[in-house]
1. Looking for whichever is in contact (Cβ under 8 Å) with a residue 60 or more places away in the chain, over 30 Å from residue 106 (Cα atoms) and either in contact with a helix residue (DSSP H, G or I) (Cβ under 8 Å, 6 or more places away or on another chain) or crowded, with 22+ Cβ neighbours inside 10 Å (or both) here; the options are 250, 233, 227. Which one fits?
2. Just one of (1) part of a helix (DSSP H, G or I); (2) of a type in the set (A, V, I, L, M); (3) within 30 Å of residue 105 (Cα to Cα) trips up residue 243, so point out which.
3. Testing residue 383 on (1) under 27 Å from residue 283 (Cβ atoms); (2) crowded, with 21+ Cβ neighbours inside 10 Å; (3) among the polar types (S, T, N, Q), one condition comes back false. Which one is that?
4. Which of the residues belonging to the range 443-502 are among the aromatic types (Phe, Trp, Tyr) and not in a helix (DSSP H, G or I)?
5. List pairs: first residue in the range 342-354 and within 14 Å of residue 402 (Cα to Cα), second residue of a type in the set (Val, Ile, Thr) and not in a loop (DSSP other than H, G, I, E, B) anywhere in the structure, Cβ distance under 7 angstrom, at least six positions apart or on different chains.
6. Any idea which residue in the range 338-380 is nearest to the chain's Cα centre (by Cα), counting only those that are assigned to a loop (DSSP other than H, G, I, E, B), at pLDDT 95 or above and buried (at least 20 other Cβ atoms within 10 Å of the Cβ)?
7. For the range 322-350, name all the residues that are among the β-branched types (Val, Ile, Thr) and within 19 Å of residue 367 (Cα to Cα).
8. Which numbered condition in (1) at pLDDT 95 or above; (2) over 17 Å from the mean Cα position of the chain (by Cα) is the only one that residue 444 fails?
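The values are calculated or read from the model by the stated rules, or taken from the named source; none is laboratory data. None of these values were measured; they are calculated from a predicted model. Using ideal geometry, Cβ is built from the backbone for each residue, glycine included, and neighbour counts are taken over all protein chains shown.
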Amino acid sequence: MKNKIKSGMIRILNLALNIYFIFLISLFITDYSFIINGGVSNFSIQAFIFLFLLFIRWFVEKKTFGDILFIKIINKVLKAGDFSILVFIFLFFIVIFSTIGIARHLAFSSSGCDLAATDLAIWNTAQGRIMFSSLIGNVSHFGGHFEPVLFLITPLYLLWPNIVILILLQAIALGAAIFPLYLIAKLRLKSRFLIFAFIIAYFFSRPIRGVGFLDFHTDSFLVPLSLFFYYFLVNKKTKFALLAMFSMLLCKENTTFLIAGFGIFTFFSLKNRALGTAIFIIAVFVWILETNILMPFFSHTKEFPYLSLLPFGKTYGENITAVINNPTLLINLIFGPGKIDFYLKIFGPLGFLAFLSPENYILFLVPLSTQIIGSIGHPGMQTISSHYPAHTVPFIFIASIYGAGWLIDKFGKNDKTNKKISFFIALYLIITSLAFYGKSDGHKLSKFIQGVKDMRSQEVLWALKTIPANASVTTVNRLVPHLSHRKYIYMWENSPDLRYLTEYVVLHRRLIETDKERFDQIIAGLKERGFKAAYTDKYNDLFIFFNPNYNKELLENRQGKLII
């Protein structure tokens, strides 16, 4: 009788676990909000319920635990080679990130400041106007950010001039990082389970999602490149390491901080004095060249435009003097409001293992310091929901891998204990990564799909196509990415002296980010200025105005002035 009850319980648990496993996988594409009010948004809670049921099933009978269908499937997958598994994860990653990115774009959640600014510079370059950008003030894109890597993307625009290319490239870059991450983990760790636990932790990384689910930034390329640079450095493959380094320098001007960190790491941790010194000198030289000469030249300014982000003055000297005179400024900077929460969110998903690897501290402390310093002038730098973690997270992963290796070396006595310690570290890593994962990808995707419906995106996009392709346009921030393939495009929100000079003005009641309460007055003001209504939707949300007094020469002859 007891055996029958136990057997029945096992069958029920097996069925429940198989169904729950399918349910968990489905949360990457939906939150079931179409059948459940509010949807199932928190993946972490569901994952822990599943793990609890899994533990109960294992406790009831260990002997037949491997007979559960989904475990059989996983075991078959694990029998495949590591490369095959990595390729599968890579492709799954790309599908999720690109799908959410495209849905976000179609829901008018992408930005003119970021996605459209990059898209415009590349598109203009493809048209022969090298890196010209009206969005940052009729100057070269290199005045706002020095990103030569954009030249490598331009040929893709000659084949398919579509902003979606940038969304796909970002997903591919972030997904590709699992390959060097695997190589680094394999250098330090022997346990296959622990190595793939780090890959799983990367897949679930909330900071990586902050990078990938935001607008395109060239910073996303730094994630795989930083990992490759590290891998080649520690393997003493100097030529490949330098290739990775110069590839990083193509991405953005502040990459030089990462390179400087690598130089210090190479000098002290790898004990390669000559190479470390050379890398550091290159970083300093490129930083001075780009921020003191090239960017001011392209932006028509006298100095590096982002000095305004310095916390204690307008110059480097003023900041150093301020800290020397009042050291408490530095303490407040490091431990001020919101800082502890930020540290928890960026180190917590990897269980704080990074702190067990002092030899790698410099690699994540350098970019982390720039984020903390910059957050005074730009609070967005102190968040994981941005592109800034792309500079820090790769090194936290590296340090965490070596931290795990230190634990195994410290407490492992033989192969048997090493395997046990590796198993528990892997389990701990999976639990912490799940704990910080939070809301599911399916929740985000469902939200954006609903946003597409609520915003009646298809109707809006159809109306935008009625605007001539060569016409100059001023529009609200979140419509800019859908109108950016033209020489002159401006954001209503940050172009008060240009907004009335364009041939068309496009406004949307629900998308305007400033003066929402004055929207009707703005529409009336445009009419008073002589603008003619070219299109108005039946909901009185979308307005397209034509400027009959448009004078192209006013835009063509206007002196460039950087907008940041």
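1. 227
2. (3)
3. (2)
4. Quick first cut of the range 443-502, residues among the aromatic types (Phe, Trp, Tyr) only: 448, 462, 488, 490, 492, 500.
Within the range 443-502, 488, 490, 500 qualify.
5. Pairs found: 350/396; 350/432; 351/432; 354/396.
6. So the residue we want is 351.
7. Step one: of the range 322-350, the residues among the β-branched types (Val, Ile, Thr) are 323-324, 328, 331, 334, 340, 346.
Listed by number, the residues that qualify are 331, 334, 340, 346.
8. The number of the failed condition is (2).
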